[in-house]
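Trainee: Structure in structure tokens, see below.
The values are calculated or read from the model by the stated rules, or taken from the named source; none is laboratory data. Owing to the predicted nature of the structure, the values given are computational and were not obtained by experimental measurement. Note that we place each Cβ from the backbone using ideal geometry, even for glycine, and neighbour counts take in every protein chain shown.
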Ligand code: PGA
């Protein structure tokens with residue numbers, strides 16, 4: 001059976017007011033209701049998770065979790081807490097978290113903690129720059145190998161990987177990634193994981209692309225062989241644009 005496309009909205013540190021978050025949830029509830037081929041996941045700031053309607057047509061995730069379960073870890077939330085508060089997914093290793101100190105070892109601990117507590121990790125990987133010598137391939141490989149150390153084979157079907165080249169994310173993006181670039185990197189990530197875990201164990205992992213996804217480029221991106229969904233930042237805060245991306249996913 002064909003897997004459903006995953007459409008993930010990363011609200012980052014937005015919107016500013018709870019009432020705007022409620023309104024956004026309600027819009028997304030409406031646009032997700034009739035989806036058949038797509039799973040919609042919204043990752044708001046954790047404070048807003050309880051504001052999501054209880055009967056909803058979309059799932060909720062956090063934008064990060066800490067790897068300890070509970071205790072003296074000021075400012076952190078654990079996978080268990082996320083799960084108990086209604087989040088079944090968590091973005092882990094986003095470049096904006098890496099910028100604030102998340103190393104591959106920390107990301108590895110977070111991935112393991114999420115999987116143990118039944119929170120599905122959406123792990124972001126991607127090169128900072130594309131250097132002429134192709135050194136970024138090795139950077140990617142080492143990162144993936146460290147991030148996925150110790151993951152048990154039966155957990156792999158819960159893993160989602162988002163390829164997010166840093167140069168294509170957010171307002172400082174230099175350009176869009178091309179279909180060929182996305183295709184190549186997804187094949188490469190698959191190969192690194194197959195070498196780590198064995199080809200027959202990695203079929204359940206899902207692959208997304210993220211970085212300036214909009215209604216304009218979503219169709220081309222989701223047509224790339226191997227891409228099973230998108231991780232959307234800015235466009236997920238604009239109901240019309242997010243609805244359009246979902247519509248595109250439904251037509252594929
Ligand atoms: P963007 O963000 O769509 O605004 O580029 C994507 C992300 O950072 O996950």
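Trainee: I need every pair where a residue in the stretch 78-92 that is touching a residue at least 60 places away in the same chain (Cβ under 8 Å) and farther than 17 Å from residue 41 by Cα has its Cβ under 6 Å from the Cβ of a residue that is in a strand (DSSP E or B) and within 16 Å of the ligand (Cβ to nearest atom), sequence separation at least 6 or different chains.
Mentor: No pair meets every condition.
Trainee: A further question follows. Which of (1) within 16 Å of the ligand (Cβ to nearest atom); (2) touching a helix residue (DSSP H, G or I) at 6+ places or on another chain (Cβ under 6 Å); (3) not in a helix (DSSP H, G or I) is the odd one out, the single condition residue 235 does not satisfy?
Mentor: (3)
Trainee: Restricting attention to the stretch 218-232, which residues are more than 17 Å from residue 167 (Cβ to Cβ) and out of contact with any helix residue (DSSP H, G or I) (no Cβ under 8 Å at 6 or more places or on another chain)?
Mentor: Across the stretch 218-232, the qualifying residue is only 228.
Condition check ((1) more than 16 Å from the ligand (Cβ to nearest atom); (2) more than 14 Å from residue 209 (Cα to Cα); (3) not in a helix (DSSP H, G or I)) across all residues:
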| site | (1), (2), (3) |
| --- | --- |
| 161 | no, no, yes |
| 174 | no, yes, yes |
| 177 | no, no, yes |
| 183 | yes, no, no |
| 187 | yes, no, no |
| 191 | yes, yes, no |
| 196 | yes, yes, no |
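Trainee: Restricting the first residue to the stretch 171-187 and requiring it to be within 18 Å of residue 161 (Cα to Cα), which pairs with a second residue that is loosely packed, with under 12 Cβ neighbours inside 10 Å meet a Cβ separation below 7 Å and a spacing of at least six or different chains?
Mentor: Final answer for the pair search is 183/225.
Trainee: On the phi < 0 side of the Ramachandran plot, in contact with a strand residue (DSSP E or B) (Cβ under 9 Å, 6 or more places away or on another chain) and assigned to a loop (DSSP other than H, G, I, E, B): does that describe residue 131?
Mentor: Taking the combined requirement at face value, the residue does not satisfy it.
Trainee: Identify all residues within the stretch 198-212 that are surrounded by fewer than 17 Cβ atoms within 10 Å (Cβ to Cβ) and either assigned to a loop (DSSP other than H, G, I, E, B) or at pLDDT below 95 (or both); write none if there are none.
Mentor: 198, 203, 204
Trainee: May I pose another question? Quick one: what pairs do we get from the stretch 22-35, first residue within 12 Å of residue 237 (Cα to Cα), second buried (at least 20 other Cβ atoms within 10 Å of the Cβ), C-beta under 7 Å, 6+ apart or different chains?
Mentor: Correct list of pairs: 25/52; 28/40; 28/42; 28/58; 28/242.
Trainee: Taking residue 157 as the residue in question, decide whether it is within 16 Å of the ligand (Cβ to nearest atom), closer than 16 Å to residue 207 by Cα and either at pLDDT 95 or above or surrounded by fewer than 21 Cβ atoms within 10 Å (Cβ to Cβ) (or both).
Mentor: no
Trainee: If you scan the stretch 44-84, which residues turn out to be farther than 24 Å from residue 108 by Cβ, part of a loop (DSSP other than H, G, I, E, B) and in contact with a helix residue (DSSP H, G or I) (Cβ under 7 Å, 6 or more places away or on another chain)?
Mentor: Across the stretch 44-84, the qualifying residues are 44, 52, 53, 56, 57, 58.
Trainee: Determine whether the stretch 64-77 contains at least one residue that is under 22 Å from residue 228 (Cβ atoms) and in contact with a strand residue (DSSP E or B) (Cβ under 6 Å, 6 or more places away or on another chain).
Mentor: No: the stretch 64-77 contains no residue that is under 22 Å from residue 228 (Cβ atoms) and in contact with a strand residue (DSSP E or B) (Cβ under 6 Å, 6 or more places away or on another chain).
Trainee: Among (1) touching a helix residue (DSSP H, G or I) at 6+ places or on another chain (Cβ under 6 Å); (2) within 16 Å of the ligand (Cβ to nearest atom); (3) not in a loop (DSSP other than H, G, I, E, B), there is one condition residue 215 misses while meeting the rest; what is its number?
Mentor: Answer for residue 215: the failing condition is (3).
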